Amino acid sequence: MQCPKCHANMRTFDRMGVHIEQCDGCRGVFLDYGELESITRLEAQMQAPPPAPAPPPAAHYPAQPAWGAAPPPVVYGGHYGHRKHRGLGGLFFSS
Amino acid sequence: MSDLVAAMAALTGSDAEPEVLGTHDDVVVVRVGDVVAKAHALGTDAGPLTERMRIAGSLPGVMLPPIAPSPVRVGDRLVTVWPHGTPVSQADPDAAPWEESAALLARLHATPCDGPVSTAPDRILRAVHELPPDAPGADVVLRAFATLPPLDLPGRALIHGDYHLGQLVHRGEWLLIDVDDLGVGAPAWDLARPAALFAAGILPGDLWTRFLDAYLSAGGTGLPGEPWAVLDVPARAFVVQMAARAIVMRTEAQDALVEACDRIVSTHEHMAHG
């Protein structure tokens, strides 16, 4: 097709699945119906933050009675059991 | 005390330098070379102690067998003599033999039992009796104790009666030691102390899971069905016992344990009253 502005030849490019006609003369761009919306959508996807990693299922924390301590906050890459009472480990060793 | 230690050392037949390994309440443990002598608590009966030693000697691979088959009286004490074994290192609880100890308990619980009654529940009652009611935090501990039903739990097996990681030594293999509370009772008593420490937020969940899973996969008979249905009462009892002792001994554990007593009270008192 010819550029509606300067009548030079227009060439078709495929950019991320969207067909774009660009003029070899004035570098103007022609978009078909719906192509502007497609580009806007692509732009939004590229700027959005990546989805947060899903938290590990809470079901992995062992069962405990109604009076049990609250499960500790999960630390990624660490044990799910907390070590906040590290100094109390002597209780594992004496009665 | 030094007379007692010297007399205990003489019983071992070793001329190595005696080393006092520990004194806990009025129990004294002395190592002499490759042998350990234990002076049991005042008031210990020779008959049941001898029977417990016989049971320990009949469980190779599960319990450390005594060197001499019966206790010797030294003054007002009964003294028993045992091989020395290496205790579990307290430096790294993650590396402790949680699985091995659970498997040993599973084997112990599967042993046909006939012997003295285990004194496990007495340990709970003793700690509560020794708690001054006006000590800070004691009211919450006593209210948590009041939520408990009578401590004659269902289940009948040969149980250790005072299990914790300090009751293991390595001597070619991991073995259980300390026969003082060994006898016939509910196997849940041997599992409820780690359960209590887990529910109190002190024992990390992954270590509790290692212990529990190892007990179940070794065929442990003490937890038919849902584990906490069986563990709830004895674990509450152990929280009360440990909290009472922590208050009396003024250890840093008392805050976490009294908080656990507080949660026991708030989840159980309303049930008791209607």
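Bear in mind that the values in this text are calculations on the coordinates, not laboratory data. Here the structure is a predicted model, which is why all the values come from computation and not from measurement. Virtual Cβ from ideal backbone geometry, glycine too; neighbours counted across all protein chains shown.
Miscellaneous remarks
- Whole-number D in µm²/s for the range B:2-84 (Stokes-Einstein; Kirkwood sum over Cα pairs; 25 °C, 0.890 mPa s): 192 µm²/s
- Computed from backbone phi with θ = phi - 60° and the Karplus coefficients 6.51, -1.76 and 1.60, the 3J(HN,Hα) list for the range B:187-202 is x, 4, 4, 6, 9, 7, 5, x, 4, 5, 5, 5, 5, 7, x, 9 Hz; x is used for glycine and proline.
- In percent, rounded to a whole number, the relative contact order of chain B is 19, using alpha-carbon pairs under 8 Å and six or more apart.
- When only Cα pairs below 8 angstrom with a gap of at least 6 residues are kept, the range B:1-110 shows a relative contact order of 20 percent.
- Summarising the overall dimensions of the range B:146-224 from its C-alpha atoms, the Rg and Dmax are 13.4, 44 angstrom.
- Top of B:Leu42, B:Leu59, B:Leu207 by mean-square fluctuation, Gaussian network on chain B, Cα under 10 Å: B:Leu42
- For B:Asp34, B:Asp162, B:Asp76, the sequence from fewest to most other C-beta atoms within 10 Å is B:Asp76, B:Asp34, B:Asp162.
- For the range B:183-270, the alpha-carbon coordinates run over 38, 29, 27 Å along the three principal axes, in decreasing order.
- The phi torsions of the range A:23-36, fed into the Karplus equation with coefficients 6.51, -1.76 and 1.60 and a -60° offset, translate into couplings of 7, 5, x, 8, 6, x, 10, 10, 10, 6, 4, x, 6, 4 Hz, rounded to whole numbers, with Gly and Pro shown as x.
- When the helices of chain B are scored as -39500 (n - 2.57) per DSSP H run of n ≥ 4 and the total is divided over every residue, the value at 222 nm lands at -14000 deg cm²/dmol.
- Amide H contacts under 5 Å for B:Val88: B:Leu168, restricted to partners 5 or more places along the chain or on a different chain, H placed in the peptide plane at 1.01 Å from N.
- Shape call, the range B:1-50: gyration tensor on alpha carbons, a/c limit 1.5: prolate
- In degrees, nearest ten, helix B:46-57 long axis to first principal axis of chain B (Cα): 90 degrees
- Model label sites at B:Asp15 and B:Thr221, defined 7 Å from Cα along the beta-carbon direction, differ in position by 5.0 nm.
- Hydrodynamic radius of the range B:109-182 per Kirkwood, over alpha carbon pairs, in Å: 14.8 Å
- Separation in nanometres of the label points that stand 7 Å from Cα toward Cβ, at A:Glu43 and B:Val72: 9.4 nm
- In sequence order, calculated HN-Hα J values of the range B:72-77 (Karplus, 6.51, -1.76, 1.60; Hz; x Gly/Pro): 10, 7, 10, x, 9, 10
- Among residues other than A:Asp24 with Cβ under 13 Å from its Cβ, the summed charge is +2 (Lys and Arg +1, Asp and Glu -1).
- Bins of 20 Å, starting at 0 and running to the largest distance - Cα pair percent for the protein assembly as shown: 25, 44, 12, 9, 8, 2
- Cα long-axis angle, helix B:205-217 against chain B (0 to 90 degrees, to the nearest 10): 70 degrees
- Degrees separating the helix B:254-272 axis from the principal Cα axis of chain B, which is the longest one: 50 degrees
- Note on B:194-202: average number of Cβ atoms from other chains within 10 Å of each residue's Cβ is 6.
- GNM top mover of B:Pro60, B:Pro83, B:Pro48 - chain B, alpha-carbon springs below 10 Å: B:Pro60
- Size of chain B as Cα extents on the principal axes (Å, biggest first): 63, 44, 36
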